[in-house]
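Engineer: This structure is in structure tokens; I'll ask about it shortly.
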Amino acid sequence: MSAELDIAGNRRSQKYRRRELVERVLWGLCQPLFRFSPRHLYGWRNFLLRRFGARIGRQVQVYPSARIFLPSLLSIGDQSTVGPDTRLYNLGPLRIGARVTVSQGAHLCGGSH
């Protein structure tokens with residue numbers, strides 16, 4: 001026996017809380033400050049990520065071409081690197097440990113399900 005899907009109800013439902021929506025909009029507006037910063041300005045990008053709630057360890061290198069969905073759900077340990085053209089699609093908490101390299105072009109996808 002199959003249950004009917006309420007497609008209209010799903011479309012009307014609130015997908016994100018107001019705070020998350022505001023964070024996503026503000027983070028989107030700050031993307032040029034992140035993406036167009038010179039490659040070696042790791043401290044600047046770490047500063048931006050921290051302002052948006054990310055927990056960033058010491059001596060972390062995040063490349064400017066890295067795409068991060070929600071900084072507030074991101075934690076990166078000391079001496080780790082997020083390489084060029086990586087995607088951190090973190091719909092849920094994403095923890096990258098200490099001394100880890102996320103290689104160029106990698107796509108990490110984490111959610112709450």
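Engineer: For the chain, calculate the relative contact order in percent as a whole number, restricting contacts to Cα pairs under 8 Å that are 6 or more residues apart.
Structural biologist: It rounds to 18 percent for the chain.
Engineer: Would you mind counting up the charge near GLY97? Only other residues with Cβ under 14 Å from its Cβ, with Lys and Arg at +1 and Asp and Glu at -1.
Structural biologist: Computed value for this residue: +3.
Engineer: Quick one: putting +1 on the C-beta of Lys and Arg, -1 on the C-beta of Asp and Glu, what dipole do you get for segment 3-113 around its Cα centre, in Debye to the nearest 20?
Structural biologist: Working: 18 positive and 6 negative charges, 66 e Å.
For this selection, approximately 320 debye.
Engineer: What ranking of TRP44, TRP27 comes out by heavy-atom accessible area, probe 1.4 Å, highest first? Kindly include the intermediate steps, with their values, before the conclusion.
Structural biologist: Values: TRP44 95, TRP27 10 Å².
Order by accessible area, largest first: TRP44, TRP27.
Engineer: Same structure, new question: Considering only protein heavy atoms, what per residue accessible area in square angstrom results for the chain with a 1.4 angstrom probe?
Structural biologist: Here the residues of the chain average 68 Å² of exposed surface.
Engineer: Turning to a different aspect of this structure: Relative to the longest principal Cα axis of the chain, at what angle does helix 18-35 sit, 0 to 90 degrees, rounded to 10?
Structural biologist: Approximately 40 degrees, to the nearest ten.
Engineer: Taking a 1.4 Å probe, which of LEU73, LEU88 shows the most accessible area, and what order do the others take after it?
Structural biologist: My answer, sorted largest first, is LEU73, LEU88.
Engineer: Considering only the other residues whose Cβ falls under 15 Å of the Cβ of GLY43, what net charge follows from Lys and Arg at +1 and Asp and Glu at -1?
Structural biologist: Every neighbour counted, the sum reads +4.
Engineer: Once you list every other residue whose beta carbon is under 12 Å from the beta carbon of ASP78, what net charge do they have if Lys and Arg are +1 and Asp and Glu are -1?
Structural biologist: So the surrounding residues net to +3.
Engineer: What angle, in degrees between 0 and 90 and rounded to the nearest 10, separates the Cα long axis of helix 42-51 from the longest principal axis of the Cα atoms of the chain?
Structural biologist: On a 0 to 90 degree scale, this one is about 40.
Engineer: Using just the alpha carbons, could you tell me how many Å³ per residue the convex hull of the chain encloses?
Structural biologist: On the way: hull volume 13.7 nm³, N = 113.
It is 121 Å³ per residue.
The values are calculated or read from the model by the stated rules, or taken from the named source; none is laboratory data. For clarity, every value in this text was computed on a predicted model and none was experimentally measured. FYI the Cβ positions are ideal-geometry reconstructions off the backbone, even for glycines, and counts take in every protein chain you see. These accessible areas exclude ligands, DNA and RNA; they are computed on the full protein's heavy atoms, side chains included. Shrake-Rupley method; radii C 1.70, N 1.55, O 1.52, S 1.80 Å.
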